Amino acid sequence: MGKHLTEKERYLIEFMYNKEKRTQREIAKILNKHYNTIYNEIKRGTIKQIDTHLKEYYIYCADVGQRKYIEANARKGANNKVACDSEYLLFIRDKVKQHYSFYSANELAKQEGFNTRVCLTTLYNYFNKHFIKLKKLDMPYNKIKKVKQEKETKRVYQYGKRSIDERGNLQQRDIYGHWEMDTVQGQKKKKGCILVLSERKTRQELLFKLDNKQCASVWNTLQDNWDKLKHHIKTITCDNGVEFSTNCELSNNELIEFVRTNLYYCHPYRSGERGTNENQNKLIRRFYPKGVDLSNVTQEELNKIQDFMNNMPRKIFNGLSSNQFLEQNEMEYLQT
């Protein structure tokens, strides 16, 4: 006994109810439907008419019943999980405006004790349907990709430098201490930039302010911090940019030995060989879009962004941050 009525059955109801004056129970029995189905259908499709004596009377109209049925079907859908939880939506909105992704914001909501649970796809659906009051410009990745034109760049090629091919099989990311290095540049005519170090296993990030993009500035910064870094760095992989040339004087013998034996260079124009670095740079660009002058950025500001990145919940770690992942695996790192 099906619950839903077809259009043909509605016309039969109209004929039997209006013309034959059958009762609702008789119609239900003839159509093999439950009484409540017929009762609700007649109630839904009943309309008011006026006869020639201007007297009102009521009849069932199949066309009206069918139209209301179609309209009700169009409004059907799953219940909105966050309809009654505006605080959750406000929390997600605020976190995204603070440069968190939807995934990270959702994980932080769990940590804050929100009872609402939605998947990442649902969050994006809410954004597209404007349930979350955000503009596209508020999203972490909102830029239209431009086709880059190839152009000749001057590079310093150093004889005897170690290629990434000599680095060995480190693609599994099962050992802590292998880092990728890059610089994030601001406005082209300005000198300020950021030195970025990204650990391949934990995605831990280190940011240092550079006064310029010269190799001396890069290696002096590493030299000043080498006593803290040397216990955490096994190898560094960088690109062939002039800022990573080793044609400059170094006074730290330990760093000199490290550069000679554990510094590796990617193949030219192969940024994908430093995939961790490139993805981490996208996070930095949430705070400093391309074209922003980095000359006035302070190390204190970079430390705050560094803390943000290292404490941000990450999908690759099932919601743990880089620091939490590092803490959970601390004993393993001490052995490597």
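The values are calculated or read from the model by the stated rules, or taken from the named source; none is laboratory data. None of these values were measured; they are calculated from a predicted model. Here Cβ is always computed from backbone atoms with ideal geometry, including for glycine, and neighbour counts include all displayed protein chains.
Taking helices (runs of 4 or more DSSP H) that do not extend beyond region 1-113, which have at least 3 residues that are small (Gly, Ala, Ser) and surrounded by 13 or more Cβ atoms within 10 Å (Cβ to Cβ)?
102-111
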Could you please tell me which pairs satisfy a Cβ distance under 7 Å, a separation of 6+ or placement on different chains, a first residue in region 197-216 that is surrounded by 21 or more Cβ atoms within 10 Å (Cβ to Cβ), and a second residue that is modelled with pLDDT of 90 or more and basic (Lys, Arg)?
-> 203/314
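Condition check ((1) surrounded by 12 or more Cβ atoms within 10 Å (Cβ to Cβ); (2) in the same structural domain as residue 242 (by TED's automatic domain parsing); (3) under 21 Å from residue 221 (Cα atoms)) across all residues:
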| site | (1), (2), (3) |
| --- | --- |
| 265 | yes, yes, yes |
| 284 | yes, yes, yes |
| 290 | no, yes, no |
| 301 | yes, yes, yes |
| 324 | yes, yes, no |
| 330 | no, yes, no |
Subset of region 271-321, residues farther than 15 Å from residue 196 by Cα, in contact with a strand residue (DSSP E or B) (Cβ under 9 Å, 6 or more places away or on another chain) and acidic (Asp, Glu), comes to 273
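Suppose we filter region 237-296 for residues that are among the acidic types (Asp, Glu) and touching a His at 6+ places or on another chain (Cβ under 6 Å); how many remain?
In the first step, residues of region 237-296 are kept if they are among the acidic types (Asp, Glu); the result is 239, 243, 249, 254, 257, 273, 278, 293.
If we keep only those that are touching a His at 6+ places or on another chain (Cβ under 6 Å) as well, we get none.
Adding up the residues that qualify gives 0.
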For region 38-70, the count of residues that are closer than 17 Å to residue 15 by Cα, in contact (Cβ under 8 Å) with a residue 24 or more places away in the chain and not acidic (Asp, Glu) equals 10
Tell me, which helices (runs of 4 or more DSSP H) wholly within region 215-325 include 1 or more residues that are under 23 Å from the mean Cα position of the chain (by Cα) and closer than 13 Å to residue 205 by Cα?
-> 275-287, 299-310
